[in-house]
C-alpha cells in the first residue's frame with residue numbers, strides 16, 4: 001500500500017542531489033542544545049508507546065491523527081490516556097500536561113492505512129487541561145505549508161532517541177500532491193509520528209507540516225526512504241473551529257470494534273507502515 005502511494009505522489013528524478021544536501025540528525029541532549037525547542041514534546045499514549053507533538057498555543061498541541069487510535073482495535077484512545085511532555089529529555093520535562101479534548105477530522109479513517117486521502121487528513125489537535133505557561137516553553141507559530149523544494153527541518157523523538165529529541169536542521173520538500181500530501185527527504189523513525197516540520201521566517205522556526213508516515217520511492221533508479229507529511233492550511237482551521245464548537249463529529253471517539261490496518265503504538269513507539 002505504501003509503495004503505491006509513493007509512486008502516486010511522484011517519481012523524483014533529482015531527489016538524490018537534494019538528499020545529499022540534507023543534514024544528519026543532531027541529538028538535543030543538553031539544556032543548551034534543546035533551548036528554543038522546548039515546545040516540541042513527547043506525547044505518551046497510555047502504556048502503549050509515544051508519538052511526537054508540538055505546542056501551537058498555551059493550550060493547543062498539534063500531532064498526527066493516527067497517534068490517537070489503537071493499532072490493534074482501531075478504537076479511539078481516550079483523551080485521559082494522553083500526556084504531553086514538553087521538552088522531555090532524560091526523564092524530565094519542562095512541563096507535563098494532560099489532554100482535555102482532542103479533535104480528528106471525520107475524513108480520517110483508522111481502518112484505511114496509508115492512502116493519499118488518509119495522509120492528507122492525518123492531523124489531530126489536542127486541547128490541554130491547563131495552559132502551559134512555563135518559562136522557556138514557547139508555542140510555535142503555524143504557517144499553511146512549505147513550497148516544493150523548500151528547505152525544512154524536523155524535531156522528533158524516535159527509535160533510539162525516546163529519551164531526548166533530535167533535530168534534523170535541513171531536509172527538503174520534494175513534492176506536494178493535490179490533496180496536500182508532502183513528500184520529504186527528512187529522516188523519521190518509529191515514534192516520529194506527529195513531529196513538527198519547520199521552516200524559517202525572519203530567523204524564527206514556524207510549523208508548516210506534521211509527519212504522518214514514511215514510504216519508499218524510486219529515486220534515480222534507486223529505492224529510497226522518504227517521509228510523508230500533511231499540509232496544514234484550512235485543515236487545521238477546521239479542527240480549531242470544531243474544538244470551539246464542541247463538534248462531536250470531530251471530538252467524539254470512534255465506535256469500538258473497528259480494526260486498523262496502520263500500525264501505531266507499541267513498546268517502541270508509534271510505528272509507520274513500511275512496504
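The values are calculated or read from the model by the stated rules, or taken from the named source; none is laboratory data. Quick caveat, the model's predicted, so the values are computed rather than measured. Because the Cβ atoms are built from the backbone with ideal geometry, glycine has one as well, and the counts that use them run over all protein chains shown.
Structure summary
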item: Residue match in segment 153-176 (condition: more than 15 Å from residue 61 (Cα to Cα) and free of Cβ contacts under 8 Å to residues at least 12 places away in the same chain); result: no
item: Strands (runs of 3 or more DSSP E) lying entirely in segment 51-121 (those with 1 or more residues that are over 17 Å from the mean Cα position of the chain (by Cα)); result: 95-104
item: Which numbered condition residue 5 misses (of (1) closer than 21 Å to residue 186 by Cβ; (2) at pLDDT 95 or above; (3) in contact with a helix residue (DSSP H, G or I) (Cβ under 9 Å, 6 or more places away or on another chain)); result: (2)
item: Residues satisfying the stated conditions in segment 194-227, i.e. closer than 16 Å to residue 22 by Cβ and either touching a helix residue (DSSP H, G or I) at 6+ places or on another chain (Cβ under 9 Å) or in a helix (DSSP H, G or I) (or both); result: 214, 217, 219, 220, 222, 224, 226
item: Residues within segment 124-144 that are in a loop (DSSP other than H, G, I, E, B), touching a residue at least 40 places away in the same chain (Cβ under 8 Å), within 19 Å of residue 96 (Cβ to Cβ) and over 15 Å from the mean Cα position of the chain (by Cα), tallied; result: 9
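Okay, residues lined up against (1) closer than 23 Å to residue 38 by Cα; (2) touching a strand residue (DSSP E or B) at 6+ places or on another chain (Cβ under 7 Å); (3) modelled with pLDDT under 90:
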site: 72; (1), (2), (3): no, no, yes
site: 77; (1), (2), (3): no, yes, no
site: 84; (1), (2), (3): yes, yes, no
site: 88; (1), (2), (3): yes, yes, no
site: 95; (1), (2), (3): yes, yes, no
site: 98; (1), (2), (3): yes, yes, no
site: 101; (1), (2), (3): yes, yes, no
site: 108; (1), (2), (3): no, no, no
site: 111; (1), (2), (3): no, no, yes
